[in-house]
Amino acid sequence: MAAEVFMVSSVHLGLPTLHWSLHATPVYFKNKLKLALIGQSLFGQEVYNHLCKEGHRVVGVFTVPDKDGKADPLALAAEKDGTPVFKFPRWRVKGKTIKEVAEAYRSVGAELNVLPFCTQFIPMDVIDSPKHGSIIYHPSILPRHRGASAINWTLIMGDKKAGFSVFWADDGLDTGPILLQRSCDIKPNDTVDALYNRFLFPEGIKAMVEAVQLIADGKAPRIPQPEEGATYEAIQRKENAEISWDQSAEVLHNWIRGHDKVPGAWTEINGQIVTFYGSSLLNSSVPPGEPLEIKGAKKPGLVTKNGLVLFGNDGKALMVRNLQFEDGKMIPASQYFSAGETSAVELTAEEVKVAETIKVIWAGILSNVPVIEDSTDFFKSGASSMDVVRLVEEIRQKCGGLQLQNEDVYMATKFEDFIQKVVRKLRGEDQEAELEVDYVSKEVNEMTVKMPYQCFINGQFTDADDGKTYDTINPTDGSTICKVSYASLVDVDKAVAAAKDAFENGEWGRMNARERGRLMYKYVFFFKRKSANFDID
């Protein structure tokens, strides 16, 4: 039965169309469906919330059992609304549907199954049961890269386009007809996380809601998938993610970023398995560093101040920012030779208060852990990537605006180590060394003016690559103030590459929009006060 939605048209007022709930004017009708949601995760939760907002009735949510005492986000949202929730560990045994599970499913009377993110095998008698069948979200522009690791293979194979499909489920799981697809360009240093955060997650939610409405309105297409161009790569597992070194830098880069963060591309260094994260192609000259022998690599890596530089068989290079060891500890690659040298710091009374606040935050997230101890591991206690986002945000809110990055959590997973990292950040000990500047001094109007004369590239003042300089002239008397470094094309290339790397991989790129806005406002306020000759704290 179609549900009526009343809407006011304000075109006659010269304004955009506004939506009102209780005022009579033009009416249009949108069909609504009774839905069963089968799946899990934050993605499933968001699809559920948006479908409810659109007026569809979710008659049942079928998700996974609680893990470590924590319910899945989809289950939490549905339970909060009073929507019936079913948590089945499996739907079938030895190829046959479990009778009790099938009966529970059929009891809700769904007209369409929506599978936004589902890791369980759903029997075909359940898939075909509703009036409109079932639709599934898949992170690939089908038929390209069928399978559970589709988005990983999109990066591994060096595709220039990524995207997702919403398709009609069939017994091939990902071979059914296409309902709709969306695509996006892949940036040179995109990872799976980057693609999900920028496109697959937000646009995927919109697409699932759009697909349901197309079905409700009887306008949903069924476009058969061609066999031509279809791939069938296997699920990527840790044992299959070892790096094969006799390849170009771009292929190595694609392999590493295609496995970031799961399952992680790895190699052997000094007899230990080391996993690489945060790969980027190195388009500038190779910085100086300390050689690091890597098993199977024809040329040693270089541990530099910015990360670990690796070399392909084409002579080109890439850089890895983070390393993870077999015990789970993650460090910046630049600290490979100094890892473990930092001793624990004693906390001041104020820092103890911060630690206590953070312990309360951990306890709220790890609700299944009776007591948060120094040895409590964030991830081994059941936390997921969405809990990392929550932890960083709550610390910012409750600890005086302290800004952490997601990778800070990955690099210090035990509570004791995490507090040490927080304290060092509070003390500024994790900041880069003070900038070294060589000045030319000049006495002007009874003031000593200091002016740098070198090129400023990648956060450092340095001479031009070829050593050339030119005279800068004082226009008042024609005298030479000093000799200034004359940037060459090589210097320009270095500066552009450094700026590109800072934009794509630096603090600003990893910062959320709220923090960017806060800093911009702070800068504007600073300069306004400066121009008004106020004292600056």
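Based on the Cβ-Cβ distance from Leu402 to Val262, what FRET efficiency comes out when R0 is 30 Å, to the nearest 0.05? So the FRET efficiency works out to roughly 0.60.
Using a probe of 1.4 Å on the protein chains alone, the accessible area found for His56 is around 10 Å². Ignoring solvent entirely, what values of log10 I(q)/I(0) come out of the Debye formula for the chain at 0.06, 0.11, 0.13 Å⁻¹ when each Cα is a single scatterer? Log-scaled intensity ratios, in q order: -0.41, -1.18, -1.43. In straight-distance terms, cross-link reach from Lys299 covers every one of the lysines whose alpha-carbon lies under 19 Å from its own, apart from those fewer than eight places away in the same chain; here that gives Lys316.
Straight-line cross-link reach from Lys483 at under 24 Å between alpha-carbon atoms covers these lysines, not counting any fewer than eight positions away in the same chain: Lys442, Lys450, Lys468, Lys494. Taking all protein chains into account, the per residue accessible area for the chain stands at 55 Å² (1.4 Å probe). Taken along the Cα-to-beta-carbon direction at a fixed 7 Å, the label points for Ser248 and Asp314 span 0.2 nm. Partner aspartates and glutamates whose Cα lies under 15 Å from the Cα of Lys425, excluding those fewer than 8 positions away in the same chain, are identified as Glu346, Glu350, Glu351, Glu407, Asp408, Glu416, Asp417, Glu507. The stretch between Arg106 and Tyr470 holds 122.8 nm of extra length on full extension. This uses 0.36 nm per residue minus the Cα-Cα distance.
Placing R0 at 45 angstrom, the Cβ-Cβ distance between Lys161 and Ile331 gives a FRET efficiency of 0.85 after rounding to 0.05.
Annotation: for a label point projected 7 angstrom from Cα along Cα→Cβ of Ser479, residues of region 442-462 with backbone N closer than 18 Å are 442-452. Surface composition of the chain: carbon plus sulfur atoms contribute 53% of the solvent-accessible area (1.4 Å probe, protein chains only, all chains present).
Pairs of Lys residues in region 34-217 are counted when their Cα atoms are under 13 angstrom apart and they lie 8 or more places apart or on different chains; the count is 6.
Return the FRET efficiency for the residue pair Lys450, Arg516: r is the Cβ-Cβ distance, R0 is 45 Å, and the value is rounded to the nearest 0.05. Plugging the Cβ-Cβ distance into 1/(1 + (r/R0)^6) gives 0.90.
Taking label positions 7 Å along the Cα-Cβ direction at both Ala502 and Lys238, the computed distance is 3.8 nm, reported to one decimal.
Look at where the Cα atoms of region 85-103 and of region 114-154 average out, and the two centres are 18 Å apart. Cα centroids of region 474-503 and region 384-408: 39 Å apart.
Amide H contacts for Phe62 (H built 1.01 Å from N in the peptide plane; partners 5 or more residues away or on another chain; cut-off under 5 Å): Leu37, Ile38, Gly39, Phe86. For the pair Asp374 and Glu293, the difference between a 0.36 nm per residue extended length and the Cα-Cα distance amounts to 25.7 nm.
Taking amide H positions as modeled 1.01 Å from N, with prolines and chain starts lacking one, the residues under 5 Å from Ile457 and 5 or more places away or on another chain are Thr462.
Working from label points 7 Å from Cα in the Cα-to-Cβ sense, the Glu346 to Val360 distance is 2.7 nm. Ranked by the mean number of other Cβ atoms within 10 Å of their residues, highest first, the peptides 264-271, 188-195 come out as 188-195, 264-271.
Rounded to the nearest 500, what is the chain's calculated 222 nm mean residue ellipticity when only DSSP H runs of at least 4 contribute -39500 (n - 2.57) each, over all residues? Helix contribution divided over all residues of the chain: -9000 deg cm²/dmol.
The values are calculated or read from the model by the stated rules, or taken from the named source; none is laboratory data. Fair warning: this is a prediction, and the values are worked out from it, not measured in the lab. Because the Cβ atoms are built from the backbone with ideal geometry, glycine has one as well, and the counts that use them run over all protein chains shown. To get the accessible areas, we keep the full protein, side chains included, count just its heavy atoms, and leave off ligands, DNA and RNA. Shrake-Rupley method; radii C 1.70, N 1.55, O 1.52, S 1.80 Å.
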